[in-house]
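Read through the structure below, which is laid out as C-alpha cells, and then see the notes.
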Amino acid sequence: MSSVRVRPLRPWLLLALLPLATACEKASGPLPASSLLVVQGNRQVAASGTVLPAPVVVRVLAEDGSPVEGTPVGFAVQLGNGTVEPATALSDANGEAKTRWTLGANQNAHELLASVPGVEPITITATGIVPSDLLVAQGNNQSAKAGAALPVQIVLRVVGNNNTPIPGVPVTLQVTAGGGSLNPASGVTNASGEITVRWTLGSQLGMQNVQASALNLAPVILTATGT
C-alpha cells in the first residue's frame, strides 16, 4: 500500500497568499444596518420647554447583532414641538449615535423618531410637566411712600407638578387699583420658572393692587400700601 506524502507549504507561498486573504477580508466590509435599539433616554420626564436630563442614545445593529459604525442616524420630533441637537449623527465604533432633546413648551406628550435608511425606525417618548400654578415668590404686601418704588422687587413663579419650575411661560401684569407702573409689565419665565418685576406705586394713599396672569392659570392679586 503506497502512502501519500504531504509537503508543507513553503514560506514564500504563505507570504504570497497573505495579501489575497487580506483583500478578501476588505472586500467583505462591514455588515449593513439591520435594526435600531434604544440604549438610553426613553421615557424621561422633565419640565416642558427644557432639555431632558439625559441624552437620547440609539445603537445601529447588523443582522448578526454586531454594531455598525459610520451610519447616519436621523432624529426628528414627531409630537410636542420640541427640538433636537444634532438632528443627524453618525454611529460610533459601538454603533451608537446620540442627541440632546429639548421638549416643547406647555406640552405634555412628546415623541421623537430615530431612523436609518432601509431600517425600521424607532420612537422615543418623553413627558413634559406643564404649568399648573402661578405663585407669588416674593414682594407681596409691602409698603412704601406713594409714588415710590417698592423696596423689594416682585417675583412671580410658574410651577407644575411637585412644584417643578416651568421656564418659557409668558406672564403679564396689570395695575388694577392705585395707579403706578410696572417694569416690565410682561415677560417670560426664566430657567427657575420666575419673572422679576419692579412695582412703582401710584400717588394714591392706601391700598394698591396688581393682577398677574399666565396662560389659563388662575391669576394672582398682589397688594401694596402707599403711605
Residue list for region 207-227, restricted to those being surrounded by 13 or more Cβ atoms within 10 Å (Cβ to Cβ) and hydrophobic (A, V, I, L, M, F, W, C)
Val210, Ala212, Ala214, Leu215, Leu217, Val220, Leu222, Ala224
Criterion: within 23 Å of Ala224 (Cα to Cα), touching an Asp or Glu at 6+ places or on another chain (Cβ under 9 Å), of a type in the set (A, V, I, L, M) and not assigned by TED's automatic domain parsing to the domain that holds Pro55 - qualifying residue of Val158, Val152:
Val158
So Ser143 fits all but one of (1) over 33 Å from the mean Cα position of the chain (by Cα); (2) without any contact (Cβ under 8 Å) to a residue 24 or more places away in the chain; what number is the exception?
(2)
Give Leu14, Leu9, Leu31 a once-over and let me know the one that is in a helix (DSSP H, G or I), modelled with pLDDT under 90, out of contact with any Phe, Trp or Tyr (no Cβ under 8 Å at 6 or more places or on another chain) and not small (Gly, Ala, Ser).
Leu14
Given Asn162, Asn141, Asn183, which one is within 20 Å of Gly49 (Cβ to Cβ) and surrounded by fewer than 17 Cβ atoms within 10 Å (Cβ to Cβ)?
Asn162
Starting from residues that are among the acidic types (Asp, Glu) and touching a residue at least 40 places away in the same chain (Cβ under 8 Å), keep the ones in region 74-132 and report whichever is surrounded by the fewest Cβ atoms within 10 Å (Cβ to Cβ).
Glu120
Taking region 53-64 and keeping residues more than 14 Å from Val39 (Cβ to Cβ) and either assigned to a loop (DSSP other than H, G, I, E, B) or within 27 Å of the chain's Cα centre (by Cα) (or both) leaves Pro53, Glu63, Asp64
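The values are calculated or read from the model by the stated rules, or taken from the named source; none is laboratory data. Source: prediction; values computed, not measured. Glycine gets a Cβ as well: all are built from the backbone with ideal geometry, and neighbour counts include every protein chain shown.
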